[in-house]
1. When only the heavy atoms of the protein chains count and the probe is 1.4 Å, how do D132, D19 rank by accessible area, highest first?
2. Assuming R0 = 25 Å, can you tell me the calculated FRET efficiency for the pair N70 and E169, based on Cβ-Cβ distance, to the nearest 0.05?
3. Using θ = phi - 60° and the Karplus relation 6.51 cos²θ - 1.76 cosθ + 1.60, list the HN-Hα couplings for the stretch 19-28 in order, rounded to whole Hz, with x at every Gly or Pro.
4. My understanding is that a pair violates if its Cα-Cα distance is over 18 Å; which of K85/K147; K18/K102; K86/K135; K18/K110; K104/K147; K110/K144 do that in this structure?
5. Just want the answer: with Cβ charges of +1 for Lys and Arg and -1 for Asp and Glu, which residue in F115, F54, S74 is farthest toward the dipole's positive end in the stretch 40-157?
6. Gain in length, K148 to A128, computed as 0.36 nm per residue apart minus the alpha-carbon separation, to one decimal in nm?
7. Report the charge-dipole magnitude of the stretch 24-129 in Debye, nearest 20, computed about the Cα centre from +1 at each Lys and Arg Cβ and -1 at each Asp and Glu Cβ.
8. What net charge is computed for the residues neighbouring T183, neighbours being all others with C-beta under 12 Å from the C-beta of T183, Lys and Arg scored +1, Asp and Glu -1?
Amino acid sequence: MENTNYINDQVFISFRGKDERCGFLTYLKQRLLESNVNVFIDENAAGEPLENLFGHIRKSRIAIVIVSKNYAESSWCLDELVEIKKCMETEKLNAVIPIFRKVKVSSVRKQSGKFGERFLALQNSLLAKEVDKKKIKHINSRIKRWKKALEFVTGMIGLTYDKKFSRSEFEFVGKVVEKVHKTLGKTAAKAGRNSTPETSKEKLSYLFVFNINHSNVNGLIHSSRTLEALTLNLDRLNPERSTGSLSLSLFLSVFVLFYHQLLITRLMLQPAEC
């Protein structure tokens, strides 16, 4: 997988802390950061109002929702999911990637099984505290939004992990990271942004330094021109270069590097003057 720089493309991760914070989430966050993806989780907003957290969702390009067995017992998680659904519908988010961790998709959709039991327990705990009719109506409206959000997330193409049938968790994390990069790549292409992989630059970032003891060569011959440096003049001449022009600049970059190396080799082969 290419190591593409998506540092400006924020990925928001919604998760149930007690299920994921010390396990899967840690691996996923680390792998995404290592592959130059900007990750945001709620602990980054510690001390901020909940509305600020929603603002971070709106600023993101992708939301990853890790739906685990205890996800539905958290009103915080469910409120995040409602906001994610809203942002997807208003096109503030480009994509939602659900990950179903040790829970059946059908159980999430229908709020059934143990997942449904936890969801029902949350509802009962909220309603049991209130006697005011207006507040009860507000709670019921909130629960309705939660149900629609859970149905929404099960309608998205996601990834399912179950220890009994899946490979190692490490491999599963790799699949998630790969899907994130593919989604960000499509997003960048639609936005018309150049997402040239860093690995391509690295392949052209050659450094040739030779200490040549010839009187006609002073000190070092240094050719450390990177792809960005070589294409800078072309960018200045025509900022709105097409893909074809970019390909030409890549060719010219390689040619210049080859020419420099050839020149250095010839200088080294020349006999030294006495």
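The values are calculated or read from the model by the stated rules, or taken from the named source; none is laboratory data. Note that the structure is predicted; figures quoted are calculated from it, not measured. Please note: Cβ atoms are built from the backbone with ideal geometry, for glycine as well, and neighbour counts cover all protein chains shown. Remember, those area values only see protein heavy atoms, side chains included, never the ligands or the DNA or RNA. Shrake-Rupley method; radii C 1.70, N 1.55, O 1.52, S 1.80 Å.
1. Numbers: D132 70, D19 40 Å².
Of D132, D19, the descending order of accessible area is D132, D19.
2. Working: r = 18 Å, r/R0 = 0.72.
Working from the Cβ atoms, E equals 0.90.
3. 8, 10, 4, 9, x, 3, 4, 4, 5, 5
4. Values: K85/K147 11 Å; K18/K102 14 Å; K86/K135 23 Å; K18/K110 23 Å; K104/K147 16 Å; K110/K144 13 Å.
Pairs exceeding the cut-off: K86/K135; K18/K110.
5. Looking along the dipole axis, the top candidate is F115.
6. On the way: separation 20, 0.36 × 20 = 7.20 nm, distance 2.24 nm.
This chain segment gains 5.0 nm when fully extended.
7. Values: 17 positive and 12 negative charges, 110 e Å.
Its charge dipole is roughly 520 debye.
8. Working: positive: R61, K179, K182, K186, K190; negative: D9, E178.
Charge balance in the 12 Å sphere: +3.
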